[in-house]
Amino acid sequence: MGYMFNYLGPWRQQIPILAGNRKGRARLTFAEGEFAAVYAMSDIHGCYNELVAVHRRIEEDAARIAGPKLIVMLGDYVDRGPDSSAVLEFLSKGPPPGFQRLVLCGNHDAELVKLYRKPARIFEWLSFAGTETLQSYGIDIDHLLQSAAGNEAIARVIHNMIPERHIQFLESLPVMLQMGRVLFVHAGVKPGVDLKKQKDNDLMWIRQPFLDEGPQLPFLVIHGHTPARIPTFGPQRIGIDTAVSATGRLTVLTIKGTRVGIL
């Protein structure tokens, strides 16, 4: 069972749509009310079965709603869980019929791209995450390290086993979506800093002071990145990373008109 509450109602001012005119990852905008329903989820972390199951639930819920519908993915598709490769394959294909799907970049996704492009960072990357991701592509990194394989040998294995198209897909992902007065990002924003001055790393990595202070901007921020057992409601922010790789719970936030809910 889901629940609904009127979170957007008091915010009636119109926010001008921003142009994506800076270097780095794309930042996209949709007009407020462009979609009859929006479904957002974050931090899949290799949990393919849960991702597929949630898409089925979304399709069932949306079957009762007329008009265009959007699925927004808030980043971190790899690491921790067992099926990162299957998650990327699923997301790189088309959305369910009747939907658009927008896939944003998370910090773990950006780090996988860096590893693939600069394999000399392998030890740094493995200290951060990644063993499960490599295993999902059939790479036994522990065996490679025990056999004293050098960086060049490890790089060859990684490039042979991880499809280039998965990396190109991750490289293509935008880092932010603005929809009227709602902002979708992976981690959050620097409080009080104009959106045009926010760095990609801010949007993909920040925790404090955003978690305590909120955006200090005229937006409701929907984000993941900081896990909790249930969705978290802070100042002008909703965190929806419920640590699916540890809990089995993949939270879906819904926006239908001015009503925000949890599916």
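Only the coordinates and a few stated rules stand behind these numbers; no lab work does. All values derive from a computational prediction rather than experimental measurement. Neighbour counts run over all protein chains shown; Cβ positions are idealised from the backbone, glycine included.
Taking other Cβ within 10 Å of each residue's Cβ, how do R229, R156 sort, fewest first?
On the way: R229 10, R156 13.
Taking fewest neighbouring Cβ atoms as first place, the list is R229, R156.
Evaluate the chain: find the radius of gyration of its Cα atoms, find its Kirkwood radius, and give the ratio Rg to Rh.
Working: Rg = 18.5 Å, Rh = 19.0 Å.
Ratio value, two decimals: 0.98.
Assuming R0 = 35 Å, what is the FRET efficiency of E59 and K196, from their Cβ-Cβ distance, to the nearest 0.05? Intermediate values should be presented prior to the final figure.
Working: r = 36 Å, r/R0 = 1.04.
Calculated transfer efficiency: 0.45.
If segment 96-243 were replaced by its equivalent ellipsoid, with semi-axes equal to the square roots of 5 times the Cα gyration tensor eigenvalues, what would those be, largest first, whole Å?
On the way: eigenvalues 224, 55, 40 Å².
So the equivalent ellipsoid measures 33, 17, 14 Å along its semi-axes.
Can you give me the distance in nm between label points at F90 and H159, each placed 7 Å from the Cα along the Cα-to-Cβ direction?
Reported label-point gap for F90 and H159 is 3.1 nm.
When the chain is modelled as a GNM with alpha-carbon springs shorter than 10 Å, which of G94, G214, G106 fluctuates the most?
G94
In a Gaussian network model over the chain where Cα atoms closer than 10 Å are linked, find which of H225, H166, H108 has the largest mean-square fluctuation.
H166
Show log10 I(q)/I(0) for segment 63-177 at q = 0.19 Å⁻¹, two decimals, from a solvent-free Debye sum over equal Cα scatterers.
Treating every Cα as an identical point scatterer, log10 I(q)/I(0) equals -0.97.
Need the full-extension length gain, A36 to K118, defined as separation in residues times 0.36 nm minus the C-alpha distance. One decimal, nm.
Numbers: separation 82, 0.36 × 82 = 29.52 nm, distance 4.23 nm.
25.3 nm is the gain from fully extending A36 to K118.
Need one number: % antiparallel among DSSP beta bridges in the chain, to the nearest 5. Numbers along the way, then the final one.
Details: 17 of 37 bridges.
Counting only bridges with both partners in the chain, antiparallel ones make up about 45 percent.
What is the spread of the Cα atoms of segment 106-168 along each of their three principal axes, largest first, in whole Å?
Projected onto the principal axes, the Cα atoms of segment 106-168 cover 31, 22, 19 Å.
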